[in-house]
Amino acid sequence: MEDIETLKAQVKKLNAKATQAKMDLHDLSEDLPTNWEKIMEVAQIAYDAHKSLTAARQELAAATA
C-alpha cells in the first residue's frame, strides 16, 4: 500500500509541475512577440512535464487495478 501512496504523491507533484509549465507556456504566448526565442525551451519543458505526468498516472492506474 505504501507504493501506491508514493505513486499518488508523485502524481500530485508532477501534476503541479505540469500545471506550472502550462501556465508558463500560456504566459509566454500572451507576451509574443516578446521573448519569442524561448518558445522551444518553454514548450519542451511543458511537453516533458505532461509526458511524465501521463506516465505516472498510467503507472498508478496499473498499480491500483
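Just so you know, all these numbers are worked out from the coordinates, no wet-lab data involved. The model shown is predicted, which means the values in this text are computed figures rather than measured ones. Cβ: placed from backbone, ideal geometry, glycine included. Neighbour counts: every protein chain shown.
Pop the C-beta distance of LYS13 and TYR47 into the FRET formula with R0 = 25 Å and round what comes out to the nearest 0.05.
Calculated value: 0.90.
At q = 0.14 Å⁻¹, what log₁₀ I(q)/I(0) does a Debye calculation on the Cα points of the chain give, no solvent, two decimals?
Log-scaled intensity ratios, in q order: -0.48.
At 222 nm, what value in deg cm²/dmol follows for the chain if DSSP H runs of at least 4 each add -39500 (n - 2.57) and the sum is divided by all its residues, to the nearest 500? Walk me through the numbers on the way to the answer.
Details: 2 runs with 56 residues, N = 65.
Estimated from H runs of four or more residues: -31000 deg cm²/dmol.
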